[in-house]
1. Which whole-number percent of Cα pairs in the chain have a distance greater than 23 Å?
2. Pairs of Cα atoms under 8 Å, at least six residues apart: use those to get the relative contact order of the chain, whole percent.
3. Starting at the first residue of the stretch 28-43, write each ³J(HN,Hα) from the Karplus equation 6.51 cos²θ - 1.76 cosθ + 1.60 with θ = phi - 60°, in whole Hz, x for Gly and Pro.
4. Summarise the accessible area of the stretch 1-155 (1.4 Å probe, protein heavy atoms) by the percent that is carbon and sulfur.
5. Pick from Ile79, Ile56, Ile35: which is most flexible by mean-square fluctuation in a GNM of the chain where alpha carbon atoms under 10 Å apart are linked?
6. Of Ala75, Ala63, Ala152, which is the most mobile in a GNM of the chain whose springs link Cα atoms less than 10 angstrom apart?
7. Treating the beta-carbon of each Lys and Arg as +1 and of each Asp and Glu as -1, no other charges, what is the dipole magnitude of the stretch 130-180 about its Cα centre, to the nearest 20 debye?
8. Taking H as built 1.01 Å from N, whose amide H comes closer than 5 Å to the amide H of Arg11, not counting residues under 5 places away?
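The values are calculated or read from the model by the stated rules, or taken from the named source; none is laboratory data. Since the model is a prediction, treat every value here as computed from it, not as a measurement. Backbone-built Cβ (ideal geometry, glycine too); neighbour counts: all protein chains shown. Remember, those area values only see protein heavy atoms, side chains included, never the ligands or the DNA or RNA. Shrake-Rupley method; radii C 1.70, N 1.55, O 1.52, S 1.80 Å.
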Amino acid sequence: MRVIGGELGGRTLTAPRGRATRPTPERVREALFSILAPVDGLRVLDLFAGSGALAIEALSRGALSATLVDSSHAAISAINRNLESLDLAAEVRAQEAVPFLQRARQDARQYDLVFLDPPYRHSPTLERELSTALVPVLAPGARVVTESDRRAPLELGLPTPPDERRYGDTLIRIYTHGPR
C-alpha cells in the first residue's frame, strides 16, 4: 500500500496487522481524490481511520490538518508508524467515532472533509448515531465521503443526495453539507 499523489506520492504505508482492517484500495483512493480535488487548506477528519491512508493522502495533497480516529490499538499503532515514517503531523485519537464527534461538537470543532469507512458489519447499527453526531462538526460546504459494501450501503441522514460511485463491491458516496 502506498500514497498515490501529492508531495508524498509513491511512499509506502503500513496497514494494521490482521483482518480487522480493510484498507481502501489504491485505485479507489486515486479515483476518489480525482473527484475531490483540490483539497488544499482543508481540515480533514478520518473516522474509522484504519491505516490512515485517506487522511494521509489528503495531507500529501495539501490539506491543512487531519484528525484520525480509530478505536483499534492495532490501527492507532499503524497510523502513528505511517505518520512518523512520512514525517507528517496530525492529531491521532484512540476512541470510538460517536463519542469523538460528541466531544468535537462541545469543542466547536469544524471539518471541511470527513471520511467515514466503518467496518461493513457495523454500518447498519451506526447510521443513525453517526448522522446525528456528524452534522454539528461539518463546516459550511463540507464534504462527507462514506465507503461501504454496495450490497449494504451506509445510509446517512444528510439532506443532500450523495454522488455515488461503485468500484467492484465498494460503494463510495460523497455528500455535500450546505453551500460552499
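1. 34 percent
2. Rounded, it is 17 percent for the chain.
3. 6, 4, 4, 5, 4, 6, 5, 6, 6, 3, x, 10, 3, x, 7, 9
4. 47 percent
5. Ile35
6. Looking only at Ala75, Ala63, Ala152, the largest GNM fluctuation is found for Ala152.
7. Result for the stretch 130-180 is approximately 140 debye, rounded to the nearest 20.
8. Val3
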